[in-house]
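A short worksheet on the structure shown next.
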Amino acid sequence: QVQLQESGPGLVKPSETLSLTCSVSGDSIRSYYWSWVRQPPGKGLEWIGYISYLGSSSYNPSLKSRLTISLDTSRNQFSLKLSSVTAADTAIYYCAREAAAGSPSYYFDYWGQGALVTVSS
Amino acid sequence: DIQMTQSPSSLSASVGDRVTITCRASQSINTYLHWYQQKPGRAPKLLMYDASTLQSGVPSRFSGSGSGTGFTLNISSLQPEDFATYYCQQSYSAPKTFGQGTRLEIK
């Protein structure tokens, strides 16, 4: 059974860097693509970006200039760093596994429970 | 970016009803359209991928259809556990985008 678990600070000050880690169990991170998706409270879903098992990444252009997603294969984890945050970055952040039925059919088949990150001074 | 528009935004229905949710893409996305169910306080759950392929473990009362720019999610006989918010998502081109959601409520 694949399980994902987000961890990191729940409160970040404006202009600082939001950092989250997703720990994966039940599957090797050396396969599939691994994504972050966020959801502002009471609103819809926004794809943030992914990193592949080969280390390549793709980011949402709306966040690209502030975003880094990285992989730690030794710990079976991947991480998100979002710099220069504002209140608009307040959201539940989910990590998710991307499965594929063949490019470009990519969908999120396993999700973490989500981590609420609030940007406030 | 490809815009995904769901209708209706909210829907009231009764247990046993048949329900249809529509998702429209701003340009053709072939069949690279996926559906999720989200309950309050929970992560989204994959229901359907590639427009009409049921994810393992999802009840057969859920079905999907469509291609190009128009897609539907059908629930043949609503059960109490189906009351939730449903999202469509396209993976045809980056960035992946979601519809705004359809909230299905008990009448």
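The values are calculated or read from the model by the stated rules, or taken from the named source; none is laboratory data. Because the structure is a prediction, the values reported are computed rather than measured. Glycine also receives a Cβ, built like all others from the backbone with ideal geometry; neighbour counts cover every protein chain displayed.
Which residue out of A:LEU4, A:LEU45, A:LEU20 is over 12 Å from A:ALA96 (Cβ atoms) and either loosely packed, with under 14 Cβ neighbours inside 10 Å or out of contact with any helix residue (DSSP H, G or I) (no Cβ under 6 Å at 6 or more places or on another chain) (or both)?
A:LEU20
Are there any pairs, at least 6 apart or on different chains, whose C-beta atoms fall under 9 Å, with the first in region B:79-91 and more than 15 Å from A:PRO104 (Cβ to Cβ) and the second of a type outside the set (Phe, Trp, Tyr) and modelled with pLDDT under 95, and if so, which?
That search, which allows pairs on different chains as well, returns B:PRO80/B:ILE106; B:PHE83/B:ILE106.
What about A:LEU54, is it under 13 Å from the mean Cα position of the chain (by Cα) and among the aliphatic types (A, V, I, L, M)?
No; evaluated as a whole, the condition is false for this residue.
Within region A:89-113, restricting attention to residues that are in a loop (DSSP other than H, G, I, E, B) and under 18 Å from B:SER93 (Cα atoms), which residue is nearest to the other protein chains (Cβ to nearest Cβ)?
Among those that are in a loop (DSSP other than H, G, I, E, B) and under 18 Å from B:SER93 (Cα atoms), it is A:PRO104.
Do you know which residues across region B:5-30 are under 27 Å from A:LYS43 (Cβ atoms), facing chain A (nearest Cβ under 10 Å) and not in a strand (DSSP E or B)?
B:ILE29 - this is the single residue of region B:5-30 that is under 27 Å from A:LYS43 (Cβ atoms), facing chain A (nearest Cβ under 10 Å) and not in a strand (DSSP E or B).
Just checking, does region A:107-117 include any residue being out of contact with any Lys or Arg (no Cβ under 9 Å at 6 or more places or on another chain) and loosely packed, with under 15 Cβ neighbours inside 10 Å?
Yes.
With region A:3-47 as the region, which strands (runs of 3 or more DSSP E) entirely inside it contain at least 1 residues that are more than 14 Å from chain B (Cβ to nearest Cβ)?
A:3-7, A:18-25
From the set of residues in region B:46-103 that are charged (D, E, K, R) and outside any strand (DSSP E or B), which is surrounded by the fewest Cβ atoms within 10 Å (Cβ to Cβ)?
Among those residues, the one meeting the criterion is B:GLU81.
When the residues of region A:75-110 are narrowed to those that are modelled with pLDDT of 95 or more and of a type in the set (Gly, Ala, Ser), which ends up nearest to A:THR17 (Cα to Cα)?
A:SER83
If you take the residues in region A:72-88 that are outside any strand (DSSP E or B) and either over 23 Å from A:GLN3 (Cα atoms) or of a type in the set (Gly, Ala, Ser) (or both), which one is farthest from the other protein chains (Cβ to nearest Cβ)?
Across region A:72-88, the extreme among qualifying residues is A:SER74.
Suppose we keep only residues that are of a type outside the set (Gly, Ala, Ser) and away from chain A (no Cβ under 14 Å) within region B:31-62. Which one would you say is farthest from A:PHE108 (Cα to Cα)?
Ranking the qualifying residues of region B:31-62, first place goes to B:ARG61.
Failed condition for A:ILE69, given (1) more than 19 Å from A:SER103 (Cβ to Cβ); (2) more than 14 Å from chain B (Cβ to nearest Cβ), with all others met?
(2)
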